[in-house]
Amino acid sequence: MNQDLTAVPLEYFLTVAGVLFAIGAIGFLLRRNLLVLLMSIEVMLNAVNLTLVAFNRMHTENHSGQIFAFFIIVVAAAEAAIGLAIVLAFFRVRRTVRSDDADLLRN
Amino acid sequence: MLTLETAFFGLCTLLTLLGGVFTVAAKNPIRGAMGLLVAILGIAGMYLLLSAELLAALQVIVYAGAVVILFLFVIMLIGPAASEAPDARGAVGRYFGAGAFALVAVGALAAIMRMGGAALTKMPPPPAGMGTIEVVGREIFTRDVVPFEIAGVLLLIAVIGAMAVAKGKPGDMLISQNKRGGSGKSGGAKS
């Protein structure tokens with residue numbers, strides 16, 4: 001089987017990653033549901049991972065980019081667990097998941 | 001020229017971007033989680049194209065298998081309140097911020113496109129065994145063994161912290177219900 005792993009240029013991957021990051025960031029700014037905010041963060045982290053892996057494909061002497069993406073996956077999993085626990089605790093107090101209602105510290 | 005790889009890249013791009021848009025635009029968070037799942041699968045396909053097999057497998061296992069399921073569990077625990085109707089407070093500021101960010105993103109993309117121009121950067125052919133579990137594992141367990149161990153500690157702390165935060169006190173629900181009944185939505189913060 002003739003695999004051509006050089007067919008897609010680097011810029012295509014970077015463009016997809018940039019558009020995906022923009023989608024995540026705009027969602028983070030526009031939405032006010034805490035669950036959707038957390039999902040937007042996951043989308044942004046995935047976009048960053050894609051750029052890291054794509055650049056690693058350009059510099060193939062070691063796997064620094066892929067290993068960095070691996071650690072980002074670890075941190076993203078930890079962040080999702082903590083974030084969802086905070087959302088649950090917040091929901092228990094205020095009976096809502098709207099970010100506007102997270103104003104317990106407002107005077 | 002449409003090779004198999006280019007077609008696969010197009011498919012993955014479609015999955016990723018549509019999934020991303022669906023994630024942030026869905027009114028119902030369950031559908032948002034499904035969009036996140038689709039986007040994650042698209043990214044995993046791109047990792048395969050970039051000869052990162054181990055990461056593609058990890059992406060499916062950790063994100064699709066754990067993170068999205070965790071989101072679904074929490075959405076179902078919260079119930080109908082998870083998809084409340086939005087209100088219009090502070091809408092102008094949010095739309096202004098999002099519009100400004102979108103403008104900056106479009107400008108950055110235009111700059112990238114112009115810089116690349118006609119000569120796109122062609123990837124070098126990958127060395128044998130790039131991204132396989134043997135090669136990446138050897139690097140993680142020799143050069144990067146300290147960050148690896150620290151990541152394990154981080155995960156342990158995250159597990160304990162998540163349990164401690166989510167557990168709550170036995171009386172929490174009762175107190176908040178009393179407050180709600182007494183003073184309405186915005187009065188809960190007082191006292």
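The numbers here are math on the coordinates, done by the rules we state, and not lab data. Computed from a predicted structure; not experimentally measured. Cβ sites come from the backbone with ideal geometry, for glycine too, and all protein chains shown count toward neighbours.
What is the sum of charges around B:Ala33, taking Lys and Arg as +1, Asp and Glu as -1, for the other residues whose C-beta is under 15 Å from the C-beta of B:Ala33?
Summing Lys and Arg as +1 and Asp and Glu as -1 gives +2.
Using only Cα atoms, tell me the angle between helix A:10-30 and the longest principal axis of chain A; keep it within 0 to 90° and round to the nearest 10.
Approximately 0 degrees, to the nearest 10.
Tell me, B:Ile61, B:Ile40, A:Ile72 in order of fewest to most beta-carbon neighbours within 10 Å? Can you show the working numbers first?
On the way: B:Ile61 12, B:Ile40 26, A:Ile72 16.
Result, fewest neighbours first: B:Ile61, A:Ile72, B:Ile40.
Residue by residue through B:128-135, how many Cβ atoms from other chains fall within 10 Å of the Cβ on average? Working shown, then result.
Working: counts 0, 0, 6, 6, 1, 0, 0, 3.
Partner Cβ neighbours, averaged per residue: 2.
In Å and from the alpha-carbon atoms only, list the Rg and Dmax of the protein assembly as shown.
21.4, 72
For region B:37-45, what does the Karplus curve 6.51 cos²θ - 1.76 cosθ + 1.60, with θ = phi - 60°, yield as ³J(HN,Hα) per residue in whole Hz, taken in order and with x for Gly and Pro?
With coefficients 6.51, -1.76 and 1.60, one gets 4, 5, 4, 5, 5, x, 5, 4, x Hz.
Convert each backbone phi in region B:56-70 into a coupling constant with the Karplus relation 6.51 cos²θ - 1.76 cosθ + 1.60 (shift: θ = phi - 60°), then list the ³J(HN,Hα) values in order as whole Hz, x for Gly and Pro.
The phi angles translate into 4, 5, 4, 4, 5, 5, 6, 6, 5, x, 10, 5, 5, 5, 4 Hz.
Quick check for you: which residues of region A:29-52 have the amide N under 18 Å from the point 7 Å beyond the Cα of B:Val92 toward its beta carbon?
Within reach of a label on B:Val92: A:30.
If you rank A:Thr96, A:Thr6, B:Thr23 by fewest surrounding Cβ atoms within 10 Å, what's the result?
Listed from fewest to most nearby Cβ atoms, that is A:Thr6, A:Thr96, B:Thr23.
Could you work out the mean projected area of the convex hull around the alpha carbons of region A:10-97, in square nanometres to one decimal?
For region A:10-97, averaging the hull's shadow over all directions gives 5.7 nm².
Give, as a single signed number, the net charge of other residues whose beta carbon lies under 13 Å from the beta carbon of B:Gly137, with Lys and Arg counted +1 and Asp and Glu -1. Kindly include the intermediate steps, with their values, before the conclusion.
Details: positive: B:Arg138, B:Arg143; negative: B:Glu53, B:Glu134, B:Glu139, B:Asp144.
Net local charge, B:Gly137 excluded: -2.
Relative to the longest principal Cα axis of chain A, at what angle does helix A:64-94 sit, 0 to 90 degrees, rounded to 10?
10
Round to the nearest 0.05 the FRET efficiency obtained for B:Ile157 and A:His59 when R0 = 22 Å and r is the Cβ-Cβ distance.
0.10
For B:Ala81 and A:Ile72, what does the FRET efficiency come to when R0 = 35 Å and r is the distance between their Cβ atoms, rounded to the nearest 0.05?
The pair B:Ala81/A:Ile72 has a calculated efficiency of 0.65.
Please identify every one of the GluC sites (Glu not before Pro) in region A:19-106 that sits in a loop by DSSP and has no more than 14 other beta carbons within 10 Å of its own beta carbon.
Listed in order of number, the matching sites are A:Glu61.
Could you list A:Tyr12, B:Tyr95, B:Tyr47 in order of exposure, starting from the residue whose Cβ has the fewest other Cβ atoms within 10 Å?
Ranking A:Tyr12, B:Tyr95, B:Tyr47 by Cβ neighbours within 10 Å, fewest first, gives B:Tyr95, A:Tyr12, B:Tyr47.
Work out the FRET efficiency for B:Val106 and B:Lys167 from their Cβ-Cβ distance, taking R0 = 41 Å, and round it to the nearest 0.05.
Values: r = 45 Å, r/R0 = 1.10.
Result of the calculation: an efficiency of 0.35.
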